[in-house]
Amino acid sequence: MSVIKKLLPFFMIAAMAAPLFGCSSDKDKSSESTSSDSSTSESAETENTEQEESKAETDNTEQEETEAETEPATVQESIPIEYDDSDVENDCAEVINKYFTAVINQDYESYKSTLDPYYFDVYNTWLDGTYGYGMETSFETLHQNLMDAAVTANGGNDVTNVVITGMKLSKMVSEGEEGSELITEYLGSYDSVIGEGFSDELKKQCDDIVDVKFTMTADCDGTELEILTEMELLMTVTDGEYRILG
(Lines give C-alpha, C1' and ligand atoms only; values in the text may rest on other atoms or scores of the structure.)
Protein backbone atom coordinates (compact mmCIF):
# COMPACT_ATOMS: atom_id res chain seq x y z
CA MET A 1 0.00 0.00 0.00
CA SER A 2 1.42 3.38 -0.96
CA VAL A 3 1.95 6.15 1.58
CA ILE A 4 -0.77 8.26 -0.01
CA LYS A 5 -3.29 5.42 0.32
CA LYS A 6 -2.40 5.09 3.99
CA LEU A 7 -2.56 8.83 4.57
CA LEU A 8 -5.80 9.90 2.95
CA PRO A 9 -8.08 7.45 4.77
CA PHE A 10 -6.74 8.70 8.11
CA PHE A 11 -6.89 12.42 7.46
CA MET A 12 -9.63 12.83 4.89
CA ILE A 13 -11.53 10.01 3.23
CA ALA A 14 -12.63 8.18 6.38
CA ALA A 15 -13.75 11.47 7.89
CA MET A 16 -16.23 11.81 5.03
CA ALA A 17 -17.92 8.54 5.98
CA ALA A 18 -19.18 9.59 9.43
CA PRO A 19 -22.70 8.17 9.79
CA LEU A 20 -25.63 10.47 10.41
CA PHE A 21 -28.71 9.29 12.30
CA GLY A 22 -32.17 10.73 11.69
CA CYS A 23 -34.72 11.78 14.26
CA SER A 24 -37.65 9.64 15.31
CA SER A 25 -40.52 9.43 12.84
CA ASP A 26 -43.63 11.62 12.96
CA LYS A 27 -45.66 8.48 13.62
CA ASP A 28 -43.69 7.80 16.80
CA LYS A 29 -44.09 11.40 17.93
CA SER A 30 -47.80 11.29 17.21
CA SER A 31 -48.37 8.05 19.13
CA GLU A 32 -46.57 9.45 22.16
CA SER A 33 -48.84 12.48 22.30
CA THR A 34 -52.15 10.61 21.78
CA SER A 35 -54.50 10.56 24.81
CA SER A 36 -57.65 8.57 25.46
CA ASP A 37 -60.91 10.14 24.24
CA SER A 38 -62.71 8.82 27.30
CA SER A 39 -60.56 10.71 29.80
CA THR A 40 -62.26 13.45 31.76
CA SER A 41 -60.99 17.02 31.59
CA GLU A 42 -59.58 16.79 35.11
CA SER A 43 -57.78 13.47 34.56
CA ALA A 44 -56.39 14.75 31.24
CA GLU A 45 -54.90 17.77 32.99
CA THR A 46 -53.42 15.53 35.67
CA GLU A 47 -52.00 13.16 33.08
CA ASN A 48 -50.52 16.05 31.06
CA THR A 49 -48.88 17.45 34.20
CA GLU A 50 -47.39 14.04 35.03
CA GLN A 51 -46.18 13.63 31.45
CA GLU A 52 -44.54 17.05 31.47
CA GLU A 53 -42.80 16.31 34.77
CA SER A 54 -41.68 12.91 33.50
CA LYS A 55 -40.45 14.44 30.23
CA ALA A 56 -38.53 17.14 32.10
CA GLU A 57 -36.85 14.50 34.27
CA THR A 58 -36.01 12.42 31.18
CA ASP A 59 -34.62 15.46 29.33
CA ASN A 60 -32.44 16.37 32.30
CA THR A 61 -31.15 12.80 32.57
CA GLU A 62 -30.43 12.62 28.83
CA GLN A 63 -28.66 15.99 28.95
CA GLU A 64 -26.47 14.84 31.84
CA GLU A 65 -25.65 11.59 30.00
CA THR A 66 -24.85 13.50 26.79
CA GLU A 67 -22.56 15.90 28.64
CA ALA A 68 -20.80 12.97 30.26
CA GLU A 69 -20.37 11.23 26.89
CA THR A 70 -18.90 14.33 25.25
CA GLU A 71 -16.30 14.98 27.92
CA PRO A 72 -12.79 14.42 26.53
CA ALA A 73 -11.67 10.80 26.92
CA THR A 74 -8.12 11.99 27.45
CA VAL A 75 -6.80 15.32 28.70
CA GLN A 76 -3.28 16.05 27.52
CA GLU A 77 -1.57 19.42 27.75
CA SER A 78 1.02 18.80 25.04
CA ILE A 79 2.94 16.07 23.23
CA PRO A 80 6.67 15.39 23.55
CA ILE A 81 8.07 15.92 20.04
CA GLU A 82 11.52 14.91 18.85
CA TYR A 83 13.03 16.66 15.85
CA ASP A 84 16.17 18.32 14.59
CA ASP A 85 15.57 22.07 14.38
CA SER A 86 17.87 22.18 11.36
CA ASP A 87 15.37 19.92 9.55
CA VAL A 88 12.04 21.08 11.01
CA GLU A 89 11.34 24.63 12.15
CA ASN A 90 10.18 25.18 15.72
CA ASP A 91 6.97 26.93 14.65
CA CYS A 92 6.11 23.98 12.42
CA ALA A 93 6.60 21.51 15.28
CA GLU A 94 4.49 23.65 17.62
CA VAL A 95 1.53 23.65 15.23
CA ILE A 96 1.76 19.87 14.80
CA ASN A 97 1.83 19.54 18.59
CA LYS A 98 -1.28 21.71 18.95
CA TYR A 99 -3.07 19.83 16.16
CA PHE A 100 -2.67 16.36 17.64
CA THR A 101 -3.20 17.57 21.20
CA ALA A 102 -6.54 18.97 20.02
CA VAL A 103 -7.44 15.70 18.31
CA ILE A 104 -6.70 13.52 21.35
CA ASN A 105 -8.51 15.99 23.65
CA GLN A 106 -11.45 16.34 21.24
CA ASP A 107 -11.03 20.13 21.27
CA TYR A 108 -12.59 21.25 18.00
CA GLU A 109 -11.87 24.97 18.29
CA SER A 110 -8.18 24.35 18.99
CA TYR A 111 -8.03 21.89 16.07
CA LYS A 112 -9.73 24.39 13.76
CA SER A 113 -7.16 27.06 14.61
CA THR A 114 -4.35 24.86 13.26
CA LEU A 115 -5.93 24.39 9.81
CA ASP A 116 -5.22 26.37 6.67
CA PRO A 117 -8.18 28.81 6.42
CA TYR A 118 -8.71 28.34 2.67
CA TYR A 119 -8.63 24.56 3.06
CA PHE A 120 -11.10 24.76 5.95
CA ASP A 121 -13.60 26.93 4.06
CA VAL A 122 -13.52 24.85 0.86
CA TYR A 123 -13.55 21.47 2.57
CA ASN A 124 -16.27 22.47 5.05
CA THR A 125 -18.49 23.69 2.20
CA TRP A 126 -17.82 20.55 0.18
CA LEU A 127 -18.64 18.25 3.11
CA ASP A 128 -21.88 20.11 3.83
CA GLY A 129 -22.97 20.04 0.19
CA THR A 130 -22.00 16.39 -0.35
CA TYR A 131 -22.77 14.71 2.96
CA GLY A 132 -24.90 17.20 4.88
CA TYR A 133 -22.39 17.76 7.69
CA GLY A 134 -19.31 19.92 8.15
CA MET A 135 -15.84 19.86 9.62
CA GLU A 136 -16.95 19.37 13.20
CA THR A 137 -18.42 15.95 12.41
CA SER A 138 -15.36 15.18 10.31
CA PHE A 139 -13.20 16.09 13.31
CA GLU A 140 -15.10 13.65 15.53
CA THR A 141 -14.32 10.88 13.04
CA LEU A 142 -10.68 11.94 12.93
CA HIS A 143 -10.46 11.42 16.70
CA GLN A 144 -12.07 7.99 16.32
CA ASN A 145 -9.57 7.10 13.59
CA LEU A 146 -6.75 7.86 16.02
CA MET A 147 -8.36 5.63 18.64
CA ASP A 148 -8.81 2.90 16.01
CA ALA A 149 -5.11 3.18 15.15
CA ALA A 150 -4.36 2.44 18.81
CA VAL A 151 -6.62 -0.62 18.70
CA THR A 152 -4.87 -1.87 15.56
CA ALA A 153 -1.46 -1.38 17.17
CA ASN A 154 -2.79 -3.30 20.19
CA GLY A 155 -3.45 -6.37 18.06
CA GLY A 156 -7.12 -5.57 17.61
CA ASN A 157 -7.82 -5.51 21.34
CA ASP A 158 -9.95 -2.66 22.69
CA VAL A 159 -8.20 0.40 24.10
CA THR A 160 -9.99 2.68 26.56
CA ASN A 161 -7.43 5.36 27.31
CA VAL A 162 -4.84 6.79 24.91
CA VAL A 163 -2.14 9.29 25.81
CA ILE A 164 0.29 10.28 23.07
CA THR A 165 3.74 9.76 24.55
CA GLY A 166 5.83 11.04 21.69
CA MET A 167 6.18 12.06 18.07
CA LYS A 168 9.27 11.97 15.90
CA LEU A 169 9.36 14.39 12.99
CA SER A 170 11.54 13.83 9.94
CA LYS A 171 12.95 16.40 7.57
CA MET A 172 10.52 19.01 6.28
CA VAL A 173 10.38 19.09 2.47
CA SER A 174 9.05 22.02 0.44
CA GLU A 175 7.21 21.75 -2.86
CA GLY A 176 9.64 21.46 -5.77
CA GLU A 177 12.47 20.08 -3.67
CA GLU A 178 13.85 16.57 -4.04
CA GLY A 179 11.55 14.14 -2.25
CA SER A 180 8.46 16.35 -2.56
CA GLU A 181 6.60 14.03 -4.94
CA LEU A 182 4.01 13.27 -2.29
CA ILE A 183 2.94 16.91 -2.18
CA THR A 184 1.95 16.78 -5.84
CA GLU A 185 0.24 13.41 -5.36
CA TYR A 186 -1.59 14.56 -2.23
CA LEU A 187 -2.85 17.80 -3.82
CA GLY A 188 -3.93 15.84 -6.89
CA SER A 189 -6.01 13.61 -4.64
CA TYR A 190 -7.68 16.67 -3.14
CA ASP A 191 -8.44 17.95 -6.65
CA SER A 192 -10.04 14.63 -7.57
CA VAL A 193 -12.20 14.58 -4.43
CA ILE A 194 -13.05 18.22 -3.69
CA GLY A 195 -12.83 19.54 -7.24
CA GLU A 196 -10.34 20.57 -9.90
CA GLY A 197 -8.65 23.87 -9.20
CA PHE A 198 -8.40 23.43 -5.42
CA SER A 199 -4.62 22.98 -5.38
CA ASP A 200 -3.99 25.84 -7.83
CA GLU A 201 -6.00 28.25 -5.72
CA LEU A 202 -4.40 26.96 -2.53
CA LYS A 203 -0.95 27.77 -3.93
CA LYS A 204 -2.11 31.33 -4.63
CA GLN A 205 -3.27 31.68 -1.02
CA CYS A 206 0.04 30.64 0.59
CA ASP A 207 3.80 31.12 0.19
CA ASP A 208 4.81 27.47 0.37
CA ILE A 209 3.53 23.93 0.92
CA VAL A 210 5.63 21.52 2.97
CA ASP A 211 5.53 17.84 3.80
CA VAL A 212 6.53 16.50 7.22
CA LYS A 213 6.86 12.79 7.96
CA PHE A 214 6.07 11.62 11.49
CA THR A 215 5.86 8.55 13.72
CA MET A 216 3.68 8.52 16.84
CA THR A 217 3.80 6.45 20.02
CA ALA A 218 1.12 6.31 22.69
CA ASP A 219 0.35 4.84 26.07
CA CYS A 220 -2.60 2.57 25.38
CA ASP A 221 -4.11 1.45 28.69
CA GLY A 222 -0.64 1.27 30.22
CA THR A 223 1.17 -0.25 27.23
CA GLU A 224 3.33 1.95 25.03
CA LEU A 225 2.78 1.25 21.35
CA GLU A 226 3.75 2.79 18.02
CA ILE A 227 0.32 3.64 16.66
CA LEU A 228 1.27 5.61 13.51
CA THR A 229 4.39 4.88 11.49
CA GLU A 230 5.97 7.16 8.88
CA MET A 231 2.79 9.05 8.11
CA GLU A 232 2.84 12.24 6.06
CA LEU A 233 1.39 15.60 7.02
CA LEU A 234 1.01 18.49 4.56
CA MET A 235 1.15 22.09 5.75
CA THR A 236 0.94 25.51 4.16
CA VAL A 237 3.24 28.39 5.06
CA THR A 238 1.94 31.97 4.86
CA ASP A 239 3.95 34.89 6.21
CA GLY A 240 5.93 32.43 8.31
CA GLU A 241 2.83 30.82 9.85
CA TYR A 242 2.29 27.07 9.45
CA ARG A 243 -1.17 25.63 8.96
CA ILE A 244 -2.26 22.02 8.39
CA LEU A 245 -4.17 20.38 5.53
CA GLY A 246 -5.99 17.59 7.30
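The values are calculated or read from the model by the stated rules, or taken from the named source; none is laboratory data. The structure presented is a predicted model; accordingly, all values stated were derived computationally and were not measured. Note: ideal-geometry Cβ built from the backbone for every residue, glycine included; neighbour counts use all protein chains shown. When the accessible area is computed, the model is the full protein with side chains, heavy atoms only, and any ligands, DNA or RNA have been set aside. Shrake-Rupley method; radii C 1.70, N 1.55, O 1.52, S 1.80 Å.
Apart from one condition, Asn145 fits all of (1) polar (S, T, N, Q); (2) open to solvent by 50 Å² or more (accessible area, probe 1.4 Å); (3) part of a helix (DSSP H, G or I); the exception is (2). Sub-9 Å Cβ pairs linking a first residue in the range 143-158 that is more than 11 Å from Cys220 (Cα to Cα) to a second residue that is open to solvent by 30 Å² or more (accessible area, probe 1.4 Å) and not in a helix (DSSP H, G or I), at least 6 apart or interchain, are His143/Ala73; His143/Gln106, ordered by first then second residue. Of all residues in the range 162-178, which are surrounded by 12 or more Cβ atoms within 10 Å (Cβ to Cβ) and assigned to a loop (DSSP other than H, G, I, E, B)? Correct list: Ser170, Lys171, Met172, Glu175, Glu177. Kindly evaluate Glu224 against the criterion of being in contact (Cβ under 8 Å) with a residue 60 or more places away in the chain, more than 22 Å from the chain's Cα centre (by Cα) and not in a loop (DSSP other than H, G, I, E, B). It is false that Glu224 is in contact (Cβ under 8 Å) with a residue 60 or more places away in the chain, more than 22 Å from the chain's Cα centre (by Cα) and not in a loop (DSSP other than H, G, I, E, B).
Only one of the listed residues (Glu109, Glu140, Glu201) is under 15 Å from Val237 (Cα atoms) and modelled with pLDDT of 90 or more. That residue is Glu201. Taking the conditions (1) part of a helix (DSSP H, G or I); (2) under 21 Å from the mean Cα position of the chain (by Cα) in turn, Val159 satisfies each one other than (1).
Of all residues in the range 122-167, those satisfying the criterion of being among the hydrophobic types (A, V, I, L, M, F, W, C), within 24 Å of Asn97 (Cβ to Cβ) and touching a helix residue (DSSP H, G or I) at 6+ places or on another chain (Cβ under 8 Å) are Met135, Phe139, Leu142, Leu146, Ala149, Val159, Val162, Val163, Ile164, Met167. Out of everything in the range 107-129 that is in contact with a Lys or Arg (Cβ under 8 Å, 6 or more places away or on another chain) and part of a helix (DSSP H, G or I), what residue ends up being farthest from Leu228 (Cα to Cα)? Once the filter is applied, the top-ranked residue is Pro117.
Regarding the range 94-106, can at least one residue be identified that is part of a loop (DSSP other than H, G, I, E, B), crowded, with 17+ Cβ neighbours inside 10 Å and among the hydrophobic types (A, V, I, L, M, F, W, C)? Outline the logic, then answer.
Of all residues in the range 94-106, those part of a loop (DSSP other than H, G, I, E, B) come to 106.
After this cut, where a residue has to be crowded, with 17+ Cβ neighbours inside 10 Å as well, the list is 106.
Now drop any that are not among the hydrophobic types (A, V, I, L, M, F, W, C), which leaves none.
Within the range 94-106, none of the residues are part of a loop (DSSP other than H, G, I, E, B), crowded, with 17+ Cβ neighbours inside 10 Å and among the hydrophobic types (A, V, I, L, M, F, W, C).
Take the conditions (1) in contact with a Cys (Cβ under 9 Å, 6 or more places away or on another chain); (2) surrounded by fewer than 19 Cβ atoms within 10 Å (Cβ to Cβ); (3) within 16 Å of Ile164 (Cβ to Cβ); Thr223 misses just one of them, which is (1).
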